[in-house]
Amino acid sequence: MKASFVIVNYNRKDELLFTLKSTKELIRNTDYEIVVVDNASTDGSADAVREAYPDVVLLINSVNTGAPAWNLGFKAAKGDYFVILDDDSHIEYGLEEALNYMDANKDVGVLALNVVTGPYTSEMWDWKDGQDTVGFIGCGAILRKDTYYKIGGYADWIFLYVNEWEYGLRCIDAGYSVKFFEDSKVIHRASSINRSSKRLRIFVTQHELGIVYKFFSVKRNKYLLRVMINNLKIIKHGDFKNAWYNLIGISKFFSLAKKLSYTPVSPEAQQLFVENFQITKKSAFGFLLGK
């Protein structure tokens, strides 16, 4: 089988049904499957999928495990490639071209597709077509099955947010590359359901620090301090609320760090991460020099 669409849903029944409809219209052949992991939804999502799309592989997660729920889908998927979507995202065009690119470039472990709408877009990262990166946007990417077999799935210690960058870092350390593919367009409809700026800021800060702590071997303390300070700089713009949430994230990181095993990546993989991830790239005290 060429590819498996792997979608995780949590209480977004209507969005999920729209994603499935759009995906069905996109593929129109039998060399694909769709795998949905329902993350303990209580809105009738699973029953709706069973009724409307009985051919979809439906997996029921008994508890909401966040992003690691994708691992259940990866494990069950039969395709050579896993097309990763959110319950509120869909590919508008360019799927075949993206898969052909993966076929022709065996070193690519993850292909970041061109997410053009939503809170995070490819344009925000200033990615150029064919560019090496580290992270990807989790509502639109293609993972090579062989890469999954080699490095496993999403980290179980990251419930939500920044998991794509943690995964990309491990991918590169294993000898693969992460590339951006401009000619496959993804629409992220960004449902307001289950979205909270407080949760976002706490998790992002906590997990950014967790990645540095777990994987960095070169000047690790310098980068930990950099991530902390850069996350608190928003206070100079009067954003006291999100600065407070980031501070909570920092405090939660110290609890998380006690549970993380230290598995440093190569200095080369670390440097690529530093150069591509804004919060590690930007000097902590650059503002003193007007940077």
Original post:
Inside the stretch 244-261, can you point out the residues that are charged (D, E, K, R) and without any contact (Cβ under 8 Å) to a residue 60 or more places away in the chain?
Top reply: K252, K258
Subject >> Filter pass, I248 being farther than 30 Å from H90 by Cα, of a type outside the set (K, R) and outside any loop (DSSP other than H, G, I, E, B) >> reply: yes
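A quick yes/no check of all residues on (1) touching a residue at least 60 places away in the same chain (Cβ under 8 Å); (2) on the phi > 0 side of the Ramachandran plot; (3) of a type in the set (G, A, S):
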residue	(1), (2), (3)
A77	yes, no, yes
D80	yes, no, no
D86	yes, no, no
D126	no, yes, no
D173	yes, no, no
V178	yes, no, no
F181	yes, no, no
S184	yes, no, yes
Subject >> Whichever residue in the stretch 175-227 is in a strand (DSSP E or B) and small (G, A, S) and, among such residues, is nearest to Y245 (Cα to Cα) >> reply: S177
Subject >> When residues of the stretch 196-216 are limited to those that are touching a residue at least 40 places away in the same chain (Cβ under 8 Å) and among the basic types (K, R), the one surrounded by the most Cβ atoms within 10 Å (Cβ to Cβ) >> reply: R201
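Residue-by-condition table, conditions (1) in contact with a helix residue (DSSP H, G or I) (Cβ under 8 Å, 6 or more places away or on another chain); (2) surrounded by fewer than 18 Cβ atoms within 10 Å (Cβ to Cβ); (3) farther than 15 Å from S4 by Cα:
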{"position": "D31", "(1), (2), (3)": "no, yes, no"}
{"position": "A40", "(1), (2), (3)": "no, yes, yes"}
{"position": "K106", "(1), (2), (3)": "no, yes, yes"}
{"position": "W127", "(1), (2), (3)": "no, no, yes"}
Original post:
Within the set of pairs 6+ apart or on separate chains, which have a first residue in the stretch 262-273 that is surrounded by 14 or more Cβ atoms within 10 Å (Cβ to Cβ), a second that is of a type in the set (S, T, Y) and assigned to a helix (DSSP H, G or I), and C-beta atoms under 8 Å apart?
Top reply: F273/T280
**OP:** Evaluate the stretch 131-144: report whether one residue or more is under 22 Å from L225 (Cα atoms) and assigned by TED's automatic domain parsing to the domain that holds V8.
**Re:** yes
Original post:
Out of curiosity, is A67 touching a strand residue (DSSP E or B) at 6+ places or on another chain (Cβ under 9 Å), outside the structural domain of V204 (by TED's automatic domain parsing) and under 16 Å from A141 (Cα atoms)?
Top reply: yes
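The values are calculated or read from the model by the stated rules, or taken from the named source; none is laboratory data. Keep in mind it's a predicted model, so treat the numbers as computed, not measured. Note: ideal-geometry Cβ built from the backbone for every residue, glycine included; neighbour counts use all protein chains shown.
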